[in-house]
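Accompanying notes for the structure given below.
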Amino acid sequence: MRADAQRNRQRVLRTAAEVFAAEGLSVPVHEIARRAGVGTGTVSRHFPTKESLYAAVLLDRMGQLSGYADSLAAEDDLGTAFFALFGRLVREGAAHRGLAEALAGSGFDIEAAASSAGCNVSDRLRRLLSEAQDAGAVDPGVTFADIKALMAGCLAYDGPDPDRVIDVISRGLRVPG
C-alpha cells in the first residue's frame, strides 16, 4: 500500500473510532469520510462495507480488551480478576457508544467477528466467571446471561457515578461470607 493510502486508511480508522465512540454505530460512512477529510470512495476502497469499518474499529478495541482479560486471567485471585474485567467492560461501554451498541447486540455480530480474530472478550469473561465461581468468589447461581443483562443495565445507566453502580452490582454477585 502506498504511503498516502496508508495515511488515509489510518485517518479514516481514527476518525471512525472517535465518531463511533461519541455517536454510536449509526453514523453514515459519508459523514465519517467528510470528517476524515477524504472521499467516500477512499473509505470504500479500504472498507468495502460499513460492517467492515465497524469490524476494524471495534476489533482493535476488542483486541486491547482481550489482552487485558488475558493478563487478569494470569492473576492468582480469580474473583478480583473477574470483577476487574466486568468493571472495565462497563466503563469502556459507557465511554464508547459504538462498543456498547455492539456488545448489546446492534445487529453487528461482534462476538462472531471477535472469535474469528481471536479476541472474543465474551469468551474470556465467561471463562473468568466460571473460574471465579469455582474459586468461591462469585455466587454459583449467577449465569453468563445474568452478567450480560447486568452489563446492559449498567450501560443504560446515565448517572454521575458508574463506579458506584459497578461496586453495588459486584457486591451482589459475590458469595456471602
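The values are calculated or read from the model by the stated rules, or taken from the named source; none is laboratory data. All values reported here derive from a predicted model rather than from experimental measurement. Here Cβ is always computed from backbone atoms with ideal geometry, including for glycine, and neighbour counts include all displayed protein chains. All accessible areas refer to the heavy atoms of the entire protein, side chains included, with ligands and DNA or RNA removed. Shrake-Rupley method; radii C 1.70, N 1.55, O 1.52, S 1.80 Å.
Here are the numbers for this structure:
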{"quantity": "Filter result for residue 5 (closer than 26 Å to residue 91 by Cβ, of a type in the set (A, V, I, L, M), exposed (fewer than 14 other Cβ atoms within 10 Å of the Cβ) and in contact with a His (Cβ under 9 Å, 6 or more places away or on another chain))", "calculated": "no"}
{"quantity": "Among residues of region 29-78, those that are of a type in the set (D, E, K, R) and over 30 Å from residue 137 (Cα atoms), counted", "calculated": "7"}
{"quantity": "Any hit, region 1-12, residues being part of a loop (DSSP other than H, G, I, E, B) and among the β-branched types (Val, Ile, Thr)", "calculated": "no"}
{"quantity": "Flag for residue 97 being open to solvent by 60 Å² or more (accessible area, probe 1.4 Å) and at pLDDT 90 or above", "calculated": "no"}
{"quantity": "Qualifying residues in region 27-66 (those that are free of Cβ contacts under 8 Å to residues at least 24 places away in the same chain and of a type in the set (A, V, I, L, M, F, W, C)) - the one farthest from residue 162 (Cα to Cα)", "calculated": "33"}
{"quantity": "Residues of region 56-68 satisfying the condition of being among the hydrophobic types (A, V, I, L, M, F, W, C) and either touching a Cys at 6+ places or on another chain (Cβ under 9 Å) or at positive phi (or both)", "calculated": "59, 62, 65"}
{"quantity": "Tabulated pairs, region 67-91, first assigned to a helix (DSSP H, G or I), second open to solvent by less than 40 Å² (accessible area, probe 1.4 Å) and aromatic (Phe, Trp, Tyr), C-beta under 9 angstrom, 6+ apart or interchain", "calculated": "72/82"}
{"quantity": "From 79, 67, 39, residue being over 16 Å from the mean Cα position of the chain (by Cα), at pLDDT 85 or above and within 28 Å of residue 150 (Cβ to Cβ)", "calculated": "79"}
{"quantity": "Selection within region 14-55 - over 17 Å from residue 101 (Cβ atoms) and open to solvent by less than 30 Å² (accessible area, probe 1.4 Å)", "calculated": "15, 33, 36, 38, 42, 43, 47"}
{"quantity": "Residues that are out of contact with any strand residue (DSSP E or B) (no Cβ under 8 Å at 6 or more places or on another chain), within 12 Å of residue 78 (Cα to Cα), open to solvent by less than 60 Å² (accessible area, probe 1.4 Å) and touching a residue at least 24 places away in the same chain (Cβ under 8 Å), drawn from region 132-144", "calculated": "136"}
